[in-house]
Amino acid sequence: MNGPYEPSGHSPDEGQRGRAPGDEGAGSAGNDGASGGIGPRPSRIPTPRRAAEDGNWPPPPAPGPNLEHTPPEGRTQTARTQAGQALTAQAQTAQAQPVFDHSVLKSLLGAWALAACTAEEAAALEAHLGECAACADEALRLRDAVGLLRPEENLDLDPQLRSRVLAGCLVRRPARVPMPEWAAPYDAETARLDALLHDMAEAEWRAPVRLHWFDGKQGVTERETTVAGVIGHLLAVDGMVAASLGLPDPLSTIPLPRGAGPEARTEAQWRTGSHTGPPYPSPVGTDDTPQAIRVPWREQGHSLIRTVSFAGRCTAELEASYGTFTLPVKDAFLERAFECWVHAGDIAAAVDYPYDPPQGPQLNLIVDLAARLLPGTIASRRRSGLATPAKRLSVPGAPGRTLHLEVEGSGGGDWYIPLDSPAASASPEEEVAHVALDGVEFCQLAAGHVAPQEVAAGQWGDREAIRDVLFAAASLSHL
């Protein structure tokens, strides 16, 4: 078969195949060895003149609308045909696209706000919103309304899922070594915080966190640390409860003043810990990664839970020393659960992550602990001149002036607080004041995150009694 530029009866060599007509010089150079031609030199070079002599010029046109090999009159006709086809396709496309007038586009605003429009409708409407101010305002209002109807959902699992699964398992197969009820909040809160820490990058462990607590007089004190510093603080203070149960104290190798409380222990841990507080140097031989603090904290928490579970009720009334005061171990576990939740919220805020409060029954135990500590705290503040003097002295157990503390929401309830003496009997008949506030708000007050002057609380009755109770609740907080 003859190629398009081959003379009849001749086979071109590989160096000449594919050359365009008129490449005579190039073909000669290739056969001189300059271009690396392959095969013997043909007897006749296929130039246009010689091809014409053989009757093979012009070459047949290539298939399709190849204008390069089309005669001038043919090129004009082909171009006209292609232009007509293009105009026809554009007309068909324009006819297929729907036409939206102002009334139609306005009726689509609701569907657009719900993301229920087709792609064509959404494109037309969004183009219209750039030109029509009235529709743009209406679209903005509808989008805001949709946001209220469909709030953003937390992508995390339901925080109550773990407890429900465990409760279902225990109903089917009771635990051989049951955990005390008062230890359940600590177990749940440490597990939730550990889940928050699990996927944190090293940069997030160094994120700044602000700790807050009430100074006991007028305002809230702040201290800045890191995420790792918060875990070091929890490790140091949980160690006080561990020591009361005969477990190793994580700060046993650090020199501490006699009777050191949570603040002194935390400062000592920050000075010697690795990346857990201000930029102190790390001791030689320690792990320099901030995540390293998570392991001893979590292991200590597991040891606390195992110890009280195996020991049972005999550990409930043991005294856990906090330096300047003591708590029964069962109350110390609730206090540690409370602080773990509060500081987990501080960490979540630092890394911009949602964090929910404890479940209702566990939150109720925490609120109950704070309410039970209020009478003693009021008496302590009165001895320091920070609370109003007692207005009615009574013998222990006798009825005394009472404040009704009503905590609303999940974990709430009603508590009656004796005002003049912790040993007095509180009763609704002796009520002189009433305070009502949300459960989470009350816990934020007890954590020192909200000043007593700023707490959102409904109040009735003796203003001095109400002030003493709110300030006493804030004074429960510490570093």
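Okay, here's what the table says:
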read-out	value
Hits in the range 292-339 - residues which are of a type in the set (Asp, Glu) and assigned to a helix (DSSP H, G or I)	Glu299, Asp331, Glu335, Glu339
Residue list for the range 189-209, restricted to those being in contact (Cβ under 8 Å) with a residue 24 or more places away in the chain, open to solvent by 10 Å² or more (accessible area, probe 1.4 Å) and assigned to a helix (DSSP H, G or I)	Ala191, Arg192, Asp194, Leu196, Glu202, Glu204
Contacts under 7 angstrom Cβ, first residue in the range 452-479 being under 18 Å from Leu211 (Cβ atoms), partner open to solvent by 30 Å² or more (accessible area, probe 1.4 Å) and in a helix (DSSP H, G or I), 6 or more apart	Leu476/Leu373; His478/Glu263; Leu479/Glu263
Every residue from the range 118-140 that is assigned to a loop (DSSP other than H, G, I, E, B), open to solvent by 30 Å² or more (accessible area, probe 1.4 Å) and not polar (S, T, N, Q)	Gly130, Glu131
Residue check, Ala184 modelled with pLDDT under 90 and outside any loop (DSSP other than H, G, I, E, B)	no
Boolean, Asp414 is without any contact (Cβ under 8 Å) to a residue 24 or more places away in the chain and either over 14 Å from Ala472 (Cβ atoms) or open to solvent by 20 Å² or more (accessible area, probe 1.4 Å) (or both)	yes
Qualifying position, being open to solvent by 40 Å² or more (accessible area, probe 1.4 Å), modelled with pLDDT under 95 and on the phi > 0 side of the Ramachandran plot, among Gly409, Gly461	Gly409
Flag if Asp420 is within 35 Å of the chain's Cα centre (by Cα), among the acidic types (Asp, Glu) and modelled with pLDDT under 95	no
Failed item, numbered, when Val295 is tested on (1) among the β-branched types (Val, Ile, Thr); (2) open to solvent by 40 Å² or more (accessible area, probe 1.4 Å); (3) at pLDDT below 90	(3)
Contacts under 7 angstrom Cβ, first residue in the range 383-403 being under 13 Å from Pro418 (Cα atoms), partner assigned to a loop (DSSP other than H, G, I, E, B) and open to solvent by 100 Å² or more (accessible area, probe 1.4 Å), 6 or more apart	Arg401/Lys391
Residue count for the range 320-333, restricted to those that are of a type outside the set (S, T, N, Q) and open to solvent by 10 Å² or more (accessible area, probe 1.4 Å)	6
Unique match (being farther than 25 Å from Val237 by Cβ and surrounded by 22 or more Cβ atoms within 10 Å (Cβ to Cβ)) among Leu403, Leu445	Leu403
Scan of the range 215-239 for residues that are among the hydrophobic types (A, V, I, L, M, F, W, C) and at pLDDT below 90, ordered by number	Val220
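So that you can scan it fast, the table gives a plain yes or no per residue for (1) more than 24 Å from Ala348 (Cβ to Cβ); (2) crowded, with 21+ Cβ neighbours inside 10 Å; (3) small (Gly, Ala, Ser):
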| residue | (1), (2), (3) |
| --- | --- |
| Arg223 | no, no, no |
| Gly229 | no, yes, yes |
| Asp238 | no, yes, no |
| Leu247 | yes, no, no |
| Pro257 | yes, no, no |
| Gly261 | yes, no, yes |
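Table: residues versus (1) touching a helix residue (DSSP H, G or I) at 6+ places or on another chain (Cβ under 7 Å); (2) under 28 Å from Glu222 (Cα atoms).
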{"site": "Arg372", "(1), (2)": "no, yes"}
{"site": "Gly376", "(1), (2)": "no, yes"}
{"site": "Leu393", "(1), (2)": "no, no"}
{"site": "Gly400", "(1), (2)": "yes, no"}
{"site": "Asp420", "(1), (2)": "no, no"}
{"site": "Ala424", "(1), (2)": "no, no"}
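The values are calculated or read from the model by the stated rules, or taken from the named source; none is laboratory data. If you're wondering where the values come from, they're calculated on a predicted model, not measured in any experiment. Reconstructed Cβ throughout: ideal geometry from the backbone, glycine too, with neighbour counts over all protein chains shown. Accessible surface areas use protein heavy atoms only, side chains included; no ligands, DNA or RNA. Shrake-Rupley method; radii C 1.70, N 1.55, O 1.52, S 1.80 Å.
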